[in-house]
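Participant: Input: one structure, supplied below.
The values are calculated or read from the model by the stated rules, or taken from the named source; none is laboratory data. Source: prediction; values computed, not measured. Heads up, the Cβs are rebuilt from the backbone with ideal geometry, glycines too, and the neighbour counts pull from every protein chain shown.
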Amino acid sequence: MGNAQEKPSGSGAARSDQASAGSGARSRGGGGADNPHGQRPSQKGVANGTRTGINPAGGGQEERDRPAEDTSYLDAPAGALPPHLARFKNEGNHLFKNGQFGDALEKYTQAICGCAEAGIDSPEDVCILYSNRAACYLKDGNSKDCIQDCTKALELQPYSLKPLLRRAMAYESLERYKMAYVDYKTVLQMDTGVQSAHDSVHRITKMLIELEGPEWRENLPAIPAVPLSVQLQHRDKPVSIELAQARAARAVQDEVRKKESQFTLLKQKGNDLVKNGNFQEALEKYSECVALKPDECSLYTNRAICFLKLNRFQEAKEDCDSALQLEPGNKKAFYRRALAHKGLQDYLSASTDLQEVLAMDPNVREAEQELEAVTGLLRQSLMDNTAHTPRV
């Protein structure tokens, strides 16, 4: 779908194409209405009695040297369509890709009318033309005609994915949520990797619950059961790069959501277990959390409490060290490491950490009390060491 302005070779070319082709030919000095045979005049322009490289049409050397636009895509095969109708379809595709939806719509219409006139018996090709024209209607905000074309496409090729998806989007834009829901669910029976359908089903479900309450499903039209043969046919189709990327992104998102949910649940269980004094079980929950999110500082300070309560002071100290590597100014980590140092009878280190806590917040009453206790223990240990040191 793109932006070719060449006149198609078929007899049904639009006037706008003829006009643009003619004006384009004149600007190049080639054959148009004024020069039907497309021959370049042999005479070169003369300025001030001197021959120049300027042609009579006014184009300079740079314009003459410009490479012609590649329109070879117009003659690409298009299913069972004859060449002149294939050109309409190919030009419509090119125009659509370049955002010229109105012009693309005209080309698809010419192809559809041409198929009817020629009696083309190719449901798949005509289905694609209706589906493509429906996409143009959808882009231009004409949801009603989009629905009509999608329905016609589905009559030709039942359970065709793109017309179903486009019709669902058109229904949703018209706030016909039940019909949209049915089409989206049908799409997902054929391809569970269509993320837009998943998102839309989730969104519409919320809307219908708000509008009709918990019994909203009872008022839904019947969702057609897609035959297994059709499902397998869609699954066996080669996956495009875009679809593969979309599926991979969705899988990553799903994994992130799953881990986040699991993490939140485990952490809450750990917190509840600490409140109830079940420190060993809480420790296990926090350890599972650490495996999921090793960069979460609070996990280490929480697990340090459990180690302290279980008199596992070295492990409590190590968890506080990890927390302080992640957050060097973490007050809880300093305080709990001081308690671990105290348990390890390293009173000097305990005193240093407690002073760090009080430097950050002088109002921490627990730190003041622990510093007083640790200072006494440090003084006693120094006295004991002095008493047992032999005099020389």
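Participant: Report the residue count in segment 130-156 for those that are crowded, with 24+ Cβ neighbours inside 10 Å, more than 16 Å from Q110 (Cβ to Cβ) and out of contact with any Lys or Arg (no Cβ under 7 Å at 6 or more places or on another chain).
Facilitator: 1
Participant: In addition: State yes or no: is V374 of a type in the set (V, I, T), assigned by TED's automatic domain parsing to the domain that holds C306, surrounded by 13 or more Cβ atoms within 10 Å (Cβ to Cβ) and more than 49 Å from the chain's Cα centre (by Cα)?
Facilitator: It is true that V374 is of a type in the set (V, I, T), assigned by TED's automatic domain parsing to the domain that holds C306, surrounded by 13 or more Cβ atoms within 10 Å (Cβ to Cβ) and more than 49 Å from the chain's Cα centre (by Cα).
Participant: So, in segment 280-333, exactly how many residues are within 24 Å of R365 (Cα to Cα), of a type in the set (S, T, Y) and out of contact with any Leu (no Cβ under 8 Å at 6 or more places or on another chain)?
Facilitator: Residues that pass the stated criteria total 2.
Participant: Only one of these is modelled with pLDDT of 95 or more and out of contact with any His (no Cβ under 7 Å at 6 or more places or on another chain): Q157, Q148. Name it. Full working, then the answer.
Facilitator: Details: Q157 fails: modelled with pLDDT of 95 or more.
From the options Q157, Q148, the qualifying one is Q148.
Participant: In addition: So which residues in segment 170-201 are over 23 Å from V252 (Cα atoms) and surrounded by 23 or more Cβ atoms within 10 Å (Cβ to Cβ)?
Facilitator: A170, Y171, A180, Y181, D183
Participant: Of the conditions (1) more than 23 Å from P221 (Cα to Cα); (2) touching a residue at least 12 places away in the same chain (Cβ under 8 Å), D149 clears all except one; give me its number.
Facilitator: Here D149 clears every test but (1).
Participant: So, one more: Can you tell me how many residues within segment 82-129 are polar (S, T, N, Q) and either outside the structural domain of Q148 (by TED's automatic domain parsing) or in a helix (DSSP H, G or I) (or both)?
Facilitator: The total comes to 4.
Participant: I would also like to ask the following. Take the residues in segment 218-231 that are surrounded by 10 or more Cβ atoms within 10 Å (Cβ to Cβ) and either assigned to a helix (DSSP H, G or I) or of a type in the set (K, R) (or both), then tell me which one is modelled with the highest pLDDT.
Facilitator: This residue is N219.
Participant: Given the options A304, A282, A246, A323, name the one that is aliphatic (A, V, I, L, M), surrounded by 13 or more Cβ atoms within 10 Å (Cβ to Cβ), farther than 20 Å from E370 by Cβ and modelled with pLDDT of 95 or more.
Facilitator: Only one candidate qualifies: A282.
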